[in-house]
Structures are given as structure tokens and as C-alpha cells.
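S.K.: Would you mind keeping the following structure in view while I ask a few things?
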Amino acid sequence: MQLPEQFKKVMAQTLGEAYAGYIRALEQPPFRGLRINTLKADAEQVLLKLALQTKRTPFCTDGYYIDSNLSGLGNHPLHHAGAFYLQEPSAMAAVTALAPQPGERILDLCAAPGGKATQIAAAMQQTGVLVANEVIPGRARTLCANMERLGVSNAIVTNADPQTLGRALPGYFDRILVDAPCSGEGMIRRQPQVLEQWSEKNRLSCQQRQLHILNEADQMLRPGGCMVYSTCTLSGEENEQVIAMFLQMHPDYQLVPIQQPFGRPAFDRLCKEPSIVLARRILPQDGGEGHFVAKLQKTDRQRENVHDLHAWPASGLLKSSSGELHLFWDFYHTYFSDEPAHIVEIDGRVLLLPEQMPALPGVHVLAAGIEAGKIVGKRFVPAHGLYMAKRSVQTLELSLQDKRIFRFLRGEELDCDYNGYCGVAVEGICVGFGKASNGHLKNHYPKGLRIIGGR
Ligand code: SAM
């Protein structure tokens, strides 16, 4: 790989003894990976069905290396079904360090397209509340689609700048991930065009933005909470120095060790903070494209500055603006066997909310919990998201060998013996739904997700 001279010089200074290994690693193909979505699938079964050569990564128990030349996995029916997420292996390390727990309140502040947010969701096992935020509207929509595909039911997807979110949710979260926008130096094997925009000036402007985002994240973390800061750059200005500056501004934080022994200690010669060695770097010679991960613990002191948040009622929530929620219940009791708890109907849209739902004044909310469907006149019309997250009692089961799965993903009508709404599953994992009558299933797979061509 041809590297600009100035880039090489700066990299040699940054990486020190690791520089020679870095240059050798750049001659190798990039690492690629996938992470099994344990909310919907079992790792062993999915790997068996994919029939790929895989090896577990050191960054996440559900993460696997795949062949870097493999193509078309994004169109695989099991990908459509949300059984796995394609993710660069070292990118999985940040959530492993965050160690999300079921029942917690967690924020992913820079979340699109959703690799790490869906990984957090898997660890939370559909309990507590995950706020996944993205500032760029188009990217926030992609985030929504990925959360829906992976069947996440405890998330709120927001499209806000960190300051606006900070005003709405002071001291609210137990854990926060700041996977910050950065100069992307760890991506150059996969995206060599990163080098075209590379400059030392850009590193410094990224540094200022990263500090600003971390300061806003601090507003939202409760005392005693923990925060992980990660980037996919190798720059000391955006990694070690950002953390050193943040610690200087916030004496109520300290770096804590990351239990998993991935990568190598961060470089203490790049800043004046001796504890920086507790943060980890992953270089291309360490099994991933490049990541920096630092885990910060906030001191647990008196909660005098923490506002009591106005929250939606925690349980048994049942609200309706049109008084027609019984249409939803009639539908639900016919096709699903569980009892959903926190239901709201807003202007005809029925949502199954996460078990905790904070009020979010001034924040643009794109999605909350599961989008169950719409009340249209005297009918309830279910939505795709409901079938991605929950299993209907009526499901057309297809195998990967069955050509009908590709016909379904193309939006075609299928033969079907059921009557009424019916889930469609591939290898036992729900991928969508349709409405059956007279031996035919009318396809409700969303137009924007359909494949073109295929087997
Ligand atoms: N965590 C994501 C994942 O795992 O899929 C990747 C996040 S990417 C490294 C950083 C994100 O920060 C981008 O989606 C970008 O749009 C967003 N971003 C850019 N400027 C921002 C800002 N000023 N505040 C917050 N987020 C910002």
C-alpha cells in the first residue's frame, strides 16, 4: 500500500516500536467479521447453516472472523432475518469493555449504523432501556432499520446532537458508549480513500469534537456510572490525549482496567497521564483493523445535582388517543401468545415500549420499542418490526434450501395453507410476514428491503 511520506512519519512517531509490525500488516488483506445476534439466533446453528470457515475473535464471545474475500453475505436470508451483523472484528471490543447488563439504562451516543448498539442490545437481553442516538438524520434511519432487523425491543432511537440529548436526560444513564467520529486511520486497508482527507490539522479538529462529545456524555452519566470511549483511529491526539484532557477537566473520573486482554496497552509516551496504560489499543497486527478503547468510571458521590426525571409510568402502561386500542388487542390475542406490557397508541400508531421510557423533551425520537402497527379505520394493520422481534403462533417455516425464501425476499406471493396474518421464518428465525387467504400469502416484506434477482 502506497502511504504519503508525512503519514508514515507521523505514524512512526505515534506507534514507536509497533510501527514496523504495522507497516508489514498493511500488506495483508483486511480483517472481516460477523457477530451472531443472540437475541434471535444460536451461534452454533447459524455458523452451521452459513457453512463458512470461521474462527472466534478475541474481542467478543459472539464475534467471528470470516474470509476477507467473501461477498454477498449482506443478501443472505439469515442476514435479512437478523441472525448476524457484519462487523469489523476489533470494533466489537468497545462493547465488551462496556459490559452492559440486563435491566440497565444505557446510552450509545454516536450509534449509526448500529454495530455496537445492536451488540449492547444483545447483552441487555431486551430488558432495561437502550437509547441509541445518531446526529445525522440519514444515518439515524439506517440505525433504526438495523435495530429493527435484529429484533431489538428495548431501544429508543433518537436523532439529536449530544447537547440536546444532555438537556433532556441529565444523570440518567448507568453506562454510556461514546464511539466517537474520528479521522478513521484504522480503516485504511478497507477504505484507502481515508488517506486523501488525512492531515494533522484534521486530527486536531477531531480531537476538539471528541472532547465536546465526551463533556456532553458526562452530563448524562449518573454518579458511579461508567463510560467507554472508543475510536477507529490510531492518532494519539484523538485517543490518549483526549482521555488525558478529559481526566484533567473531570477529576471525578478515573480510568479502570478492561478485563479482556485484547490488543495492547495504550501508549503512555503520547500523553502525561500515567494511568493511560489501562486503555487498550488494537493495531492491524493485533487481529483487527484498529481501535482504541478506554473505560472511565465516574465517582459515586451525593446525587445532589441529579434531576428527578419525569418518566412514563413504568408498568401496565396502556394509552390510547383514539380509543380503538381494542383493535390491536383483538389482533394480538389471535396471532401472538404472550402479553405485552407497555403499550401506547399515538395517532393510530401502536408501540410496545421498553420497560422504562424516559420523557424526552425537545428530542427527535425516531423509534421507541417495537413498532407494532397502525389502526386504520376499523382495522389493525401489523408492522414488519413486530414480526422481527416477536414470534407469531402462525409461522410459515422455510429452510435455506427452499427456493420460496428467495421468492419471499423478492416480494413475491407464496403458497400458504394458513389463514390471516402469518410470520415467515428461515431456519426458524423470523424474517417478515404476509397475509394468507385462499392458499396464497400476500407478501408484506417492506419494499425497501427486498432483494433483486437471486436464486
Ligand atoms: N457506533 C457506530 C457503530 O458501531 O455502528 C459507529 C459510529 S461512527 C464511529 C461515529 C458516529 O458519530 C457517526 O455515525 C457520525 O455521524 C456521528 N457524529 C458525527 N459528528 C458527531 C457529533 N458532533 N456528535 C455526535 N455524533 C457525531
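S.K.: For Asp417, work out the one condition from (1) surrounded by fewer than 21 Cβ atoms within 10 Å (Cβ to Cβ); (2) at pLDDT 95 or above; (3) not hydroxyl-bearing (Ser, Thr, Tyr) it doesn't fulfil.
M.R.: Exception for Asp417: condition (2).
S.K.: Quick check: is even one residue across segment 318-335 within 27 Å of His79 (Cα to Cα), under 29 Å from the mean Cα position of the chain (by Cα) and in a loop (DSSP other than H, G, I, E, B)?
M.R.: Looking through segment 318-335, none of the residues is within 27 Å of His79 (Cα to Cα), under 29 Å from the mean Cα position of the chain (by Cα) and in a loop (DSSP other than H, G, I, E, B).
This table checks each residue for (1) more than 19 Å from Ala168 (Cα to Cα); (2) at pLDDT 95 or above; (3) in contact with a His (Cβ under 8 Å, 6 or more places away or on another chain).
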residue	(1), (2), (3)
Gly348	yes, no, no
Gly362	no, no, no
Val365	no, yes, no
Lys374	yes, yes, no
Phe380	yes, yes, no
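S.K.: Can you name the residue in segment 53-73 that is small (Gly, Ala, Ser) and out of contact with any helix residue (DSSP H, G or I) (no Cβ under 9 Å at 6 or more places or on another chain) and, of all such residues, is surrounded by the most Cβ atoms within 10 Å (Cβ to Cβ)? Working first, answer last.
M.R.: Residues of segment 53-73 that are small (Gly, Ala, Ser), as a first pass: 63, 68, 71-72.
Next cut, out of contact with any helix residue (DSSP H, G or I) (no Cβ under 9 Å at 6 or more places or on another chain) only: 68, 71-72.
Values: Ser68: 13, Ser71: 7, Gly72: 8.
Among residues in segment 53-73 that are small (Gly, Ala, Ser) and out of contact with any helix residue (DSSP H, G or I) (no Cβ under 9 Å at 6 or more places or on another chain), the one surrounded by the most Cβ atoms within 10 Å (Cβ to Cβ) is Ser68.
S.K.: Next question. Answer with yes or no whether Ala111 is free of Cβ contacts under 8 Å to residues at least 60 places away in the same chain and under 12 Å from the mean Cα position of the chain (by Cα).
M.R.: Values: free of Cβ contacts under 8 Å to residues at least 60 places away in the same chain: no; under 12 Å from the mean Cα position of the chain (by Cα): yes.
Here the answer is no, as Ala111 does not meet what is asked.
S.K.: Would you confirm whether any residue within segment 236-244 is surrounded by fewer than 24 Cβ atoms within 10 Å (Cβ to Cβ) and assigned to a helix (DSSP H, G or I)?
M.R.: For segment 236-244, residues surrounded by fewer than 24 Cβ atoms within 10 Å (Cβ to Cβ) and assigned to a helix (DSSP H, G or I): present.
S.K.: Take Arg189 and tell me if it is modelled with pLDDT of 95 or more and not β-branched (Val, Ile, Thr).
M.R.: It is false that Arg189 is modelled with pLDDT of 95 or more and not β-branched (Val, Ile, Thr).
S.K.: Scanning segment 41-52 for residues that are part of a loop (DSSP other than H, G, I, E, B) and in contact with a Leu (Cβ under 9 Å, 6 or more places away or on another chain), which turns out most open to solvent (accessible area, probe 1.4 Å)? Please lay out each step first, then the result.
M.R.: The initial filter retains those residues of segment 41-52 that are part of a loop (DSSP other than H, G, I, E, B), namely 41-42, 51-52.
With in contact with a Leu (Cβ under 9 Å, 6 or more places away or on another chain) added as a condition, the list becomes 41, 52.
Details: Ala41: 14, Leu52: 48 Å².
The qualifying residue most open to solvent (accessible area, probe 1.4 Å) is Leu52.
S.K.: If I ask for residues that are closer than 28 Å to Gln87 by Cβ and assigned to a helix (DSSP H, G or I), which ones from segment 245-260 would you list?
M.R.: Across segment 245-260, the qualifying residue is only Phe246.
S.K.: Now a separate question. I need the full set of residues from segment 86-121 which are in a loop (DSSP other than H, G, I, E, B) and either open to solvent by less than 10 Å² (accessible area, probe 1.4 Å) or away from the ligand (no atom under 13 Å from the Cβ) (or both), in order please. Break it down stepwise before answering.
M.R.: Our first condition is that a residue be in a loop (DSSP other than H, G, I, E, B); within segment 86-121, this holds for 87-88, 99-104, 109-114.
Scanning segment 86-121 gives Ala99, Pro100, Gln101, Pro102, Gly103, Glu104, Leu109, Ala111, Gly114.
S.K.: Condition check: at pLDDT 95 or above and either crowded, with 21+ Cβ neighbours inside 10 Å or not acidic (Asp, Glu) (or both). Does Gly454 satisfy that? Give the steps one after another, and end with the answer.
M.R.: On the way: at pLDDT 95 or above: no; either crowded, with 21+ Cβ neighbours inside 10 Å or not acidic (Asp, Glu) (or both): yes.
No; evaluated as a whole, the condition is false for this residue.
S.K.: Which of the strands (runs of 3 or more DSSP E) found entirely inside segment 122-224 contain at least 3 residues meeting this: crowded, with 23+ Cβ neighbours inside 10 Å and within 12 Å of the ligand (Cβ to nearest atom)? Reasoning before the result, please.
M.R.: Values: elements: 129-133, 155-158, 173-179.
Because the criterion is at least 3 residues that are crowded, with 23+ Cβ neighbours inside 10 Å and within 12 Å of the ligand (Cβ to nearest atom), the strands (runs of 3 or more DSSP E) in segment 122-224 that meet it are 173-179.
The values are calculated or read from the model by the stated rules, or taken from the named source; none is laboratory data. Note that this is a predicted model, so its numbers are computed, not measured. Here Cβ is always computed from backbone atoms with ideal geometry, including for glycine, and neighbour counts include all displayed protein chains. The accessibility values were calculated without ligands, DNA or RNA, using every heavy atom of the protein model including side chains. Shrake-Rupley method; radii C 1.70, N 1.55, O 1.52, S 1.80 Å.
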